[in-house]
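Take a look at the structure below.
Since every read-out is calculated from the coordinates, none of them should be taken as a lab result. Just so you know, these numbers come straight off a predicted model, no measurement behind them. So basically every Cβ, Gly included, is an ideal-geometry build from the backbone, and we count neighbours across all protein chains shown.
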């Protein structure tokens, strides 16, 4: 489907760009920068593929993804001084990518007949764990665990919604679009309203 | 076997509870807390399953483990103020879990005909590496490598003992119980007597 | 081939020794030290094997590698006070190992018919990511990403050269030796001349 290809590419670009920016901030050299761009983009899908045993992992079989990430990193470096103005564009693609990758992970789980909680976990891992590996490599507590702005949470809620819609027998294309837009929309809202999960006080 | 099911559940609960407590101490939000509880519980077995190629990893196929961990995290959060009094209970289950998971890893290695050192390594990974991933995610040098109180060491010694008993032709149930109790006992002793491995001075 | 066996052993020893030294500097106990020695040696190959689905990972099937690493760690600890004089020997083996492991990764990729960029990435992962895991476990930003002295870069360039030579129809043994010597030579030169990749200034 062309819509999904477009969103997939947009999501990959957004994740690669955000990784590149994080690497520049941390004074990495060019190689380190490329690794971080890479890992942010394909890290979540890689963990998913390893956990379900879909090996070799997919990006090894598709050089176009590799070239897309390299190109994104190069463009991001060149235009890094103007990237602040691009913040909104990045957030837009990042949130769309979040929806797409979460959907993708859920569907991979269904394809091998996993139970519902496992499918939702796979969706969340696919969408969020590239950023987790990025933060580990940059020696930080994963942002995801601290200032989530509902990053992972919308993936989980989106996953629950997916299985609710599955029971309603909606056409699959329509259902998929609803899930992506739901995750995208709630995430954008959470950023704008600065909504985040409560912490547990220590007592 | 019912005894093993009981210990397996006890170990999973103890590991999930200790992960939850570590997450509360680090100011994570609710999602981060659940991830840490999860990873502490099933991280070691996940690495083992990936290394030997037993994919999809087991917890993806068993939603009861997922629900057990979620429930444990919830209960731990609710009773966190009273958990200091529970310290001994936790240590008790944690040490039992250590024995059970180490035994489990060794047996997985034997099942695919690995050599003895590899089986012992798999046992140690299964028992200890959930905690290692937890510490990496929390941006700390794994406690395991510093103040081990013989955490990993008892798993290794227990593994050597397992293969010694294997030569003695003891009934397998009896042998398994000996190994679990051995690891459990030495670990409890090491905690009580504050025994730990020497460090190498730098000279 | 005996030459390759020799270089493989030399590389494994050099990587295990460098991991051991890093662990001593960080005040780890004996167990932590062994884990770091292990991970530095076999970490890169393990990630490669997992990504391509060659499971169980190879070192689980070969106890001689395990014993070699344990032996190296022991010898390194015993002679740690004299190891500064050994710095050049270590660098020598480390650079040879770099060439060998990069070549090995490339060939594993070719064996399962991956595309060229993926083969080069596998070579680089095999040669470099043991050190990355070591640094993550020691809670540092991977040195590889900061002061690379062309560590990863020579692997990438070596990989490109490999595929160029492949088109020239050179005898395979000769080609392999060229690649190893090329990576070894450029790496030694980069260390001596203190050449490293530029960083991106933040603007």
(message) Please report, for residue A:112, the nm distances (one decimal) from its label point, 7 Å out from Cα along the beta-carbon direction, to the equivalent points in the remaining copies, shortest first.
(response) 1.3, 1.4
(request) Return one number: the angle in degrees, 0 to 90 and rounded to the nearest 10, between the long axis of the Cα atoms of helix C:63-78 and the longest principal axis of the Cα atoms of chain C. (result) 50
(message) 7 Å along Cα→Cβ for the label point: how many nanometres lie between residue A:139 and each equivalent label in the other copies, listed shortest first?
(response) 1.1, 1.1
(request) Compare B:134, B:48, B:58 in a GNM of chain B, Cα atoms joined below 10 Å, and give the one with the largest fluctuation. (result) B:58
(request) Mind jotting down the distance between the C-alpha centroids of segment A:139-183 and segment B:118-194, whole Å? (result) 39
(request) Would you calculate a helix-derived [θ] at 222 nm for chain C, using -39,500 (n - 2.57) for each DSSP H run of n ≥ 4 and dividing by the full residue count, to the nearest 500? (result) -25500 deg cm²/dmol
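Would you tell me the mean number of C-beta atoms belonging to other protein chains that fall within 10 Å of each C-beta in B:70-81, as a whole number? Walk me through the numbers before you get to the answer.
Details: counts 1, 0, 0, 0, 0, 0, 1, 1, 1, 0, 4, 2.
Average neighbour count from other chains, rounded to a whole number: 1.
Please compute the average number of Cβ atoms from other chains found within 10 Å of each residue's Cβ in peptide C:106-116. Could you put the intermediate results ahead of the total?
On the way: counts 0, 0, 0, 2, 0, 0, 3, 1, 4, 6, 2.
Counting Cβ atoms of other protein chains within 10 Å of each residue's Cβ and averaging gives 2.
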(request) Quick one: with label points 7 Å out along Cα→Cβ, list the inter-copy distances for residue C:199 in nm, shortest first? (result) 2.9, 2.9
(request) Please determine, in degrees from 0 to 90 and to the nearest 10, the orientation of helix A:116-137 with respect to the longest principal axis defined by the Cα atoms of chain A, where the helix direction is its Cα long axis. (result) 10
(request) Give me a single rounded figure for A:29-41: the average over its residues of other chain Cβ atoms within 10 Å of their Cβ. (result) 5
(request) Take chain A, connect every pair of alpha-carbon atoms lying under 10 Å apart with a spring to form a Gaussian network, then pick out the residue of A:101, A:174, A:182 with the largest mean-square fluctuation. (result) A:174
(message) With the cut-off at 1.5 for a/c, could you classify segment C:1-67 from its C-alpha gyration tensor as rounded, prolate or oblate?
(response) oblate
(request) Once you've got the GNM for chain A with C-alpha springs shorter than 10 Å, pick whichever of A:23, A:143, A:171 has the biggest mean-square fluctuation. (result) A:171
(request) Using every pair of alpha-carbon atoms in the protein assembly as shown, split the distances into 10 Å bins beginning at 0 and state the percent of pairs per bin, rounded to integers. (result) 3, 16, 27, 27, 19, 8, 1, 0
(request) Please label the shape of segment A:2-193 as rounded, prolate or oblate, based on the square roots a ≥ b ≥ c of the eigenvalues of the alpha-carbon gyration tensor (a/c under 1.5 means rounded; beyond that, a/b larger than b/c means prolate, else oblate). (result) prolate
(request) Would you give the gap between the C-alpha center of segment A:28-48 and the C-alpha center of segment C:1-79, rounded to a whole Å? (result) 25
(request) Please determine, in degrees from 0 to 90 and to the nearest 10, the orientation of helix B:83-111 with respect to the longest principal axis defined by the Cα atoms of chain B, where the helix direction is its Cα long axis. (result) 40
